[in-house]
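Participant: Supplied in structure tokens, the structure appears directly below.
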Amino acid sequence: SALAVAAREAELADGEVAVLDERADRLEQDTPLPDAAVEAARARASALAALVAEVRRRPELGVRGRAATAAADRAAAAAATARAAAADARRDADEARRSRDRQRAVADSSRTELAELLLDDPAEPAVDVADVALEVLRAEYRNAAAAYSAAEVDADLRSRLGDAEREARSAQAAFDELPGEVRAAADALLRSPDAADPATRRAVTAQAQSALARCAEALREAGAELAVAKREAGRFPAGPDSVEPYGEPADVEHGRWLVERAEHDRRAAAAEAGAARDAAAAAESARRAAETSAEGFRHVVAGLDDGAGEAAEPGAAPFAGDVDAALARWKELRAAVRDAARDRAAAERGVRGAVDAVAQFAQEARFSSVASPVRSHLLGVARAEMPGLAAEWVQALRPRLRSLEDDLATIGRHRSGIVTRLHGMVGEALRTLRLAQRLSELPEGLSDWSGQQFLRIRFDEVHDAALLHELGEVVDRTAGERAGNARDRRDGMSLLLRGVRAAMPKGVRVEMLKPDAVLRTERLRVSEIRDVFSGGQQLTAAIVLYCTMAALRAHQRGQGRRAHAGVLFLDNPIGRASAGYLLELQFGVARALGVQLVYTTGLFDAGALSAFPLIIRLRNDADLRAGRKYLSVEDRVARQLAELDPPDGSGRVAAARVFRRPEPIPS
């Protein structure tokens, strides 16, 4: 027994050893993976540590960046000032060079003039000209030269002397009116090299005006800077402020250094104030959390006090959560109660609305003629009792609803069939209008009218889907009308006309060619014919229109291929339309459309009658006893007819004549 037990224990130990060996092998195989993860974690930790260091340095870097930005702004302002000063220096240097060149030119010209002057006569007393301006000496020289040259004519000399004296007095008066400093400055300028000649004076004047403009611009800029400085100074207290612990600045650079130091201290103080605000916000958040917890306890306790006795169930376990969970559960239950109350109120409003709708529907005036017990019952029941009877009414009215739905479905099928048939008839009517326009095409040989359509019918159609909708409305309106007397009877033709009007919402526009002597292609609307056409033109247009309608009727009857479309008898049209071009137009259209024209007239118009290929002479006889008149054939023709065989009941020809139409000449 001991041996067997030991053997089993050895087998179990061998199994455990095998399991442990397998686990060791797996761990040896999986060892590289944890090592790699450890290395990756270390690299990530080092990267995160570097990132944390950078994040901690961020405030310092922000401060340094703001300081560098301020220094860059100051350097940019100093550079702008230096550039402006350099530009002013370059401008002053240019002006100095121009002044130097100008003064050298004046010196050269003065030397030349000095060399050209005559030497003083030793007998004449010497004149000191050191204090006299060069231009003044030149003017005196010119005046003296002019006086010497004009000494021969006494009158002219005296006249010029008087003019010179007047000019001198006016100049002296103007000179005396000027202030003393202006006269002194003018005298100094005249003595300077800049007043040597007019060209030099103009150049100096232009230079002075340019300098004045620059000074004015600088003055305006200084004024603007002064105003800005005053406004900035007004923002600070009027009294002296203490600059401790920094002290008074020794110079500008020392003052800037002090400003930078104060700005650095201000930013540090702002950072400390921000940290203090964050700490205060954290404390305030903790305080609010405590107050919220206390308020939660109060609400929970108040809720338990209000409904603990009513809502408590026997054997109910106490709530296991904390105050937040209890408050959340309490709010959830209160919200559920409010939602239930709101749903109940909405349901009651819906029931009241449905009851009102049923009552108002039963009271509508269109049901006043309905003698149904259902309506009487609905009107007799109080609205408060209707919700209780609703189920019974639904059960009782369901068979009636099914029968009404069947009737409505049958009516809908009939309506659909009527609309479909009306759609086909309306389409046929529109095709008839297009066919009338096509059949009104005139034959060749009518100048510009050759191949033209005498009628032009235009209208805008709607699409098939929209047309079906419009025709459905036409059928509904026609069915909804009350039939009155016989004149208001609803017939098919009126329904078709309404459908055609619905298919052409913008109406139809009919234009007709105007018959004139040159047959121009001028079209006019039918409404303008009475005002524009003459009597003969109106009659011709009517004949052409009749021929078109006759050809259209033949097409509709399936006789479009026949050459004969009908006969038209005309009562003396030559009395109004005897012009040759009108008759040719009538003949040409009638021949093209297969209509035979028969004219009757008592006039003898050779020009008009010569256009007719066949003429039958008739005589007008009167029966005095019966008071009637007859048209009889001419005697010569009547004698020939009397010689015919006696009638055999098959009819008798009273007037006849054969006309052979000329054959066309082969091309």
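Participant: In the stretch 513-527, is there at least one residue being in contact with a helix residue (DSSP H, G or I) (Cβ under 9 Å, 6 or more places away or on another chain), under 23 Å from HIS423 (Cα atoms) and part of a strand (DSSP E or B)?
Facilitator: Checked the stretch 513-527: no residue is in contact with a helix residue (DSSP H, G or I) (Cβ under 9 Å, 6 or more places away or on another chain), under 23 Å from HIS423 (Cα atoms) and part of a strand (DSSP E or B).
Participant: Can you name the residue in the stretch 504-526 that is under 41 Å from the mean Cα position of the chain (by Cα) and of a type outside the set (A, V, I, L, M) and, of all such residues, is farthest from LEU433 (Cα to Cα)?
Facilitator: ARG523
Participant: Report, ordered by the first and then the second residue, all pairs with beta carbons closer than 9 Å, sequence separation of six or more or different chains, a first member in the stretch 60-83 that is open to solvent by 60 Å² or more (accessible area, probe 1.4 Å), and a second member that is among the basic types (Lys, Arg).
Facilitator: Listed by first residue and then by second, the contacts come to ARG66/ARG267; ARG74/ARG256.
Participant: Also, quick follow-up: Which numbered condition trips up LEU48, out of (1) open to solvent by less than 60 Å² (accessible area, probe 1.4 Å); (2) free of Cβ contacts under 8 Å to residues at least 24 places away in the same chain; (3) under 30 Å from ARG267 (Cα atoms)?
Facilitator: Every listed condition holds for LEU48 apart from (1).
Participant: Another question, then. Under 8 Å between Cβ atoms, which residue pairs at least 6 apart in sequence (or on different chains) link something in the stretch 256-267 that is touching a residue at least 12 places away in the same chain (Cβ under 8 Å) and assigned to a helix (DSSP H, G or I) with a partner that is of a type in the set (Phe, Trp, Tyr) and surrounded by 14 or more Cβ atoms within 10 Å (Cβ to Cβ)?
Facilitator: LEU258/TYR246; ARG261/TYR246; ALA262/TYR246
Participant: Also: Sort out which residues of the stretch 392-419 are surrounded by 12 or more Cβ atoms within 10 Å (Cβ to Cβ) and either hydrophobic (A, V, I, L, M, F, W, C) or closer than 19 Å to MET493 by Cβ (or both), and write them in order of number.
Facilitator: Answer for the stretch 392-419, where residues must be surrounded by 12 or more Cβ atoms within 10 Å (Cβ to Cβ) and either hydrophobic (A, V, I, L, M, F, W, C) or closer than 19 Å to MET493 by Cβ (or both): TRP393, ALA396, LEU397, ILE418, VAL419.
Participant: Next question, about the same structure. Name every residue in the stretch 170-194 that is polar (S, T, N, Q) and not in a helix (DSSP H, G or I), in order of residue number.
Facilitator: Hit for the stretch 170-194 is SER192, nothing else.
Participant: Do we have LEU545 as open to solvent by less than 30 Å² (accessible area, probe 1.4 Å) and on the phi < 0 side of the Ramachandran plot here? Explain how you work it out, then say what you get.
Facilitator: Numbers: open to solvent by less than 30 Å² (accessible area, probe 1.4 Å): no; on the phi < 0 side of the Ramachandran plot: yes.
For LEU545, the condition - open to solvent by less than 30 Å² (accessible area, probe 1.4 Å) and on the phi < 0 side of the Ramachandran plot - is not met.
Participant: A further question follows. Does LEU439 satisfy the criteria of being open to solvent by less than 90 Å² (accessible area, probe 1.4 Å) and modelled with pLDDT of 80 or more?
Facilitator: Details: open to solvent by less than 90 Å² (accessible area, probe 1.4 Å): yes; modelled with pLDDT of 80 or more: no.
When the stated conditions are applied, LEU439 does not pass them.
Participant: Looking at ARG91, ARG56, which one is over 30 Å from ALA211 (Cβ atoms), open to solvent by 60 Å² or more (accessible area, probe 1.4 Å) and part of a helix (DSSP H, G or I)? I'd like the intermediate steps shown before the answer.
Facilitator: On the way: ARG91 fails: over 30 Å from ALA211 (Cβ atoms).
Every option except ARG56 fails the conditions.
Participant: Does ARG375 satisfy the criteria of being free of Cβ contacts under 8 Å to residues at least 40 places away in the same chain and open to solvent by 80 Å² or more (accessible area, probe 1.4 Å)?
Facilitator: Numbers: free of Cβ contacts under 8 Å to residues at least 40 places away in the same chain: yes; open to solvent by 80 Å² or more (accessible area, probe 1.4 Å): no.
In short, no.
The values are calculated or read from the model by the stated rules, or taken from the named source; none is laboratory data. Keep in mind that what you see is a predicted model, and the values were worked out from it rather than measured. Using ideal geometry, Cβ is built from the backbone for each residue, glycine included, and neighbour counts are taken over all protein chains shown. What goes into the accessible areas is simple: the full protein's heavy atoms, side chains included, and nothing from ligands, DNA or RNA. Shrake-Rupley method; radii C 1.70, N 1.55, O 1.52, S 1.80 Å.
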